[in-house]
Amino acid sequence: MSLLKRIEGTQPEEKASRLEELRTRQPAAMTQTEETYRELKARIQDRLVSEMDEKLDITKREDVRRAIEELYNSILAQENIILSRTERHRMFEQIVADIIGYGPIEPFLADPSINEIMVNGPNAVYIERRGRIEKTAVRFDDDEHLLRIIDRIVAPLGRRVDEASPYVDARLPDGSRVNAIIPPLALNGPVLTIRKFAKIPITAENLVEYGTLTQEALDFLKACVLGRLNILISGGTGSGKTTTLNVLSAYIPNDERIITIENAAELQLRQEHVVTLESRPPNIEGKGEVTIRDLVINSLRMRPDRIIVGEVRGAEALDMLQAMNTGHDGSMTTLHANSPRDALSRLETMVLMAGMDLPHRAIREQIASAIDLIVHQERMRDGVRRVVSIAEVVGMEGDTIVMQDIFRFQQVGVEDGKVIGRLRPTGIRPKFMEKLEAANIRVPSDTFGVAKKIS
């Protein structure tokens, strides 16, 4: 296969029609100068790709970059194209990004201050920076240009996105989470959403520094992980659940066998004895699917000390609870919910999705027996992600699961758009402290404060 097919995904005879489409699909607001620049870039890029050595290994980015630079300078000289130094460098970087990178969004992926990239079709690219969403001036050439970038992301993972499978979850090599959905499901053109992962993993100290939780709450959670409590991390979309799960999992002792199960592998565990499992979608014939539930069931045969499920969202909740109740203490997972109480209700609903005709009381007893602690997070109006509740699951009282807050976020006001408050102890000593003390894990007695701190 030629380098042209490998990189661009189009045949040479399609180039002319693609350029013509580019001319006819420009937004009305685009200036003549911008249109001329784009057509010039497309022409140079098409020639550059067609003349490149097809034996070049595109995985060796530096070698390909040098080859592109030599050809780029040669083409500009041959065609007597005069560009300013700034335009010359800008066009070169854009062409390199299109050929071996991720196109116009490449600079955003390299910017550590950007948390999320949202592409709503070729002409609308948004970013989230420090909790605030803003629109950028970046554009893709057309739908086809955006689709090529999506294919470049998902193809190395053995996944695809086409009319038969119009949406996909994937990840970038650095662990960033990717979701893509294309027409006919997306009416505005292909939509690409990238949740970035920090190149340097966020540490526990960072969470304290960012105000996600306090040092005393962090020390308490560390003791709970070391004491092999089963922990459920709940919260809304983008509230930081996976980041907190990653931080807490770092406290698992290095001599334990850990199995992680995810839809798209994101967790970055540093322990030595870690087995990472990832679900698989069905192939083009609708066969070969491996679900999270399948992996949870299989993991029980792999002699795990702890099982970490990236997120429970369906029937796997039943098998996860059974694992927690049958000797796999210290397991952790995340779940979408609006409050700790809502997390338990959603968990109950997911167990019913397993198709087992279980009475509600039996399900709630399973939940109350399996889950020890719920850590609930929210992304607040100022964009800061905070732990707002750390609650113990005490047990059953009648048909109701009983919970009690150990820590609760107390908001005292808003100043210059920033939420002012602190995660404070409620004064309640958890019932599982006896289990921690039996494991010789000490928590300072003043950790839980006094009840009057919470109004």
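Identify all residues within the range 146-177 that are outside any loop (DSSP other than H, G, I, E, B), under 19 Å from Ala265 (Cα atoms) and of a type in the set (A, V, I, L, M); write none if there are none. Show your work before the answer.
In the first step, residues of the range 146-177 are kept if they are outside any loop (DSSP other than H, G, I, E, B); the result is 146-157, 167-171, 177.
Filter again for under 19 Å from Ala265 (Cα atoms), leaving 150-157, 167-171, 177.
Listed by number, the residues that qualify are Ile150, Ile153, Val154, Ala155, Leu157, Val168, Ala170.
Give Ala137, Ala164, Ala170 a once-over and let me know the one that is at pLDDT below 80 and not β-branched (Val, Ile, Thr).
Residue meeting the stated conditions: Ala164.
Report whether or not Asp219 is part of a helix (DSSP H, G or I) and surrounded by fewer than 21 Cβ atoms within 10 Å (Cβ to Cβ). Steps first, please.
Values: part of a helix (DSSP H, G or I): yes; surrounded by fewer than 21 Cβ atoms within 10 Å (Cβ to Cβ): yes.
Taking the combined requirement at face value, the residue satisfies it.
To keep it simple, each residue is scored yes or no on (1) touching a Lys or Arg at 6+ places or on another chain (Cβ under 7 Å); (2) crowded, with 16+ Cβ neighbours inside 10 Å.
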residue: Asp143; (1), (2): no, yes
residue: Ile150; (1), (2): no, yes
residue: Ala155; (1), (2): no, no
residue: Ala164; (1), (2): no, no
residue: Leu172; (1), (2): no, yes
residue: Ser176; (1), (2): yes, yes
residue: Val191; (1), (2): no, yes
residue: Glu205; (1), (2): no, no
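Please indicate, with yes or no, whether at least one residue in the range 271-294 is part of a helix (DSSP H, G or I), in contact (Cβ under 8 Å) with a residue 24 or more places away in the chain and more than 17 Å from the chain's Cα centre (by Cα).
Step one: filter the range 271-294 for residues part of a helix (DSSP H, G or I), giving 292-294.
So of that shortlist, the ones also in contact (Cβ under 8 Å) with a residue 24 or more places away in the chain come out as 292-293.
Then keep just the ones that are more than 17 Å from the chain's Cα centre (by Cα); that gives 293.
Taking every residue of the range 271-294 in turn, at least one turns out to be part of a helix (DSSP H, G or I), in contact (Cβ under 8 Å) with a residue 24 or more places away in the chain and more than 17 Å from the chain's Cα centre (by Cα).
Out of Ile75, Ile95, Ile127, which single residue is assigned to a helix (DSSP H, G or I), crowded, with 17+ Cβ neighbours inside 10 Å and β-branched (Val, Ile, Thr)?
Matching residue, one of Ile75, Ile95, Ile127: Ile95.
The values are calculated or read from the model by the stated rules, or taken from the named source; none is laboratory data. The structure displayed is predicted, hence computed values, not measured ones. As a convention, Cβ positions derive from the backbone with ideal geometry for all residues, glycine included, and neighbour counts pool all protein chains shown.
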